[in-house]
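Just below is one structure, and these are the notes that go with it.
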Amino acid sequence: MELFSINHLSPNDEWVNLVKTLSTQAAVAIENDNLLSSLKMSNDELISAYDRTLEGWAHALELRDRETEGHARRVTELTIKLANIRRGTLLHDIGKMGLPDGVLLKKGPLNEEELRTMQTHPQLAYDMLSQIPYLKPALTIPYYHHEKFDGTGYPHGLKGTEIPLPARIFAVVDVWDALISDRPYRGAWTEEDATRYVKDQAGKHFDPDVVKQFLEIIE
């Protein structure tokens, strides 16, 4: 810290102590700012690393289940247009990593026992993600996106607004994208047929308010 005086200066001890105090406070402020900037940079890098890990998990599931390749990315992009809930959408089917190949990769309809096994994947997702504190806020969609507005869904048979809003939003996007994609047990529907189905399921499978917003976006 440098001070300049136009006139001759004869500082006393009080003046010197004041300057030392001011310079010390300025140094502390600069140091704190540097520490905060460094901490923010580290935090941003950590968040980025988490997100890349989640994307890697979603890709790993798609490598195993080729029929849904690109599904996680598409539904994530579309869901973000409705609500910014990216991590939950990326991981919505992560529980399927725990399903046997005979169920996950079966060519054709599932029998009752296989269907019960398939319906365990929300609980498997909860068991996997609940152990990671950072991902607990992202649990809502993987755990609840197969609940239905009329209470006939799984795993808990929740009804109406008992189902968390992010899961109600994602359910519409997930089904719509699945319908317009080829699957082992059927060919892709047209977008018109898929949209008609979504409209018909308002109040049954889907939250009517979410359906309204969704249709405005895709149209």
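If you go through region 203-212 one residue at a time, do you hit one that is modelled with pLDDT of 90 or more, within 26 Å of Val103 (Cα to Cα), outside any strand (DSSP E or B) and touching a helix residue (DSSP H, G or I) at 6+ places or on another chain (Cβ under 6 Å)? Scanning region 203-212, I find no residue that is modelled with pLDDT of 90 or more, within 26 Å of Val103 (Cα to Cα), outside any strand (DSSP E or B) and touching a helix residue (DSSP H, G or I) at 6+ places or on another chain (Cβ under 6 Å), so the answer is no.
Listed here are the residues, each with its yes/no results for (1) modelled with pLDDT of 75 or more; (2) surrounded by 12 or more Cβ atoms within 10 Å (Cβ to Cβ); (3) under 18 Å from Met97 (Cα atoms).
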position	(1), (2), (3)
Asn32	yes, no, no
Lys40	yes, no, no
Asp44	yes, no, no
Leu54	no, yes, yes
His59	no, yes, yes
Leu63	no, no, yes
Arg66	no, no, yes
Gly70	no, no, yes
Arg73	no, yes, yes
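Pairing residues of region 134-159 that are without any contact (Cβ under 8 Å) to a residue 24 or more places away in the chain with residues that are surrounded by 20 or more Cβ atoms within 10 Å (Cβ to Cβ) and not in a loop (DSSP other than H, G, I, E, B), at Cβ distances under 6 Å and at least 6 apart in sequence or on separate chains, gives Tyr144/Ala167. Scanning region 196-216 for residues that are open to solvent by less than 60 Å² (accessible area, probe 1.4 Å) and farther than 21 Å from His146 by Cβ returns a single hit, Leu215. One residue alone among Pro137, Pro122, Pro155 is outside any loop (DSSP other than H, G, I, E, B) and either touching a Leu at 6+ places or on another chain (Cβ under 7 Å) or surrounded by 15 or more Cβ atoms within 10 Å (Cβ to Cβ) (or both), and that residue is Pro122.
The values are calculated or read from the model by the stated rules, or taken from the named source; none is laboratory data. These numbers come from a predicted model, not from an experiment. Every residue, glycine among them, receives a Cβ derived from its backbone with ideal geometry; neighbour counts consider all protein chains shown. With ligands, DNA and RNA removed, areas are computed over all heavy atoms of the protein, side chains included. Shrake-Rupley method; radii C 1.70, N 1.55, O 1.52, S 1.80 Å.
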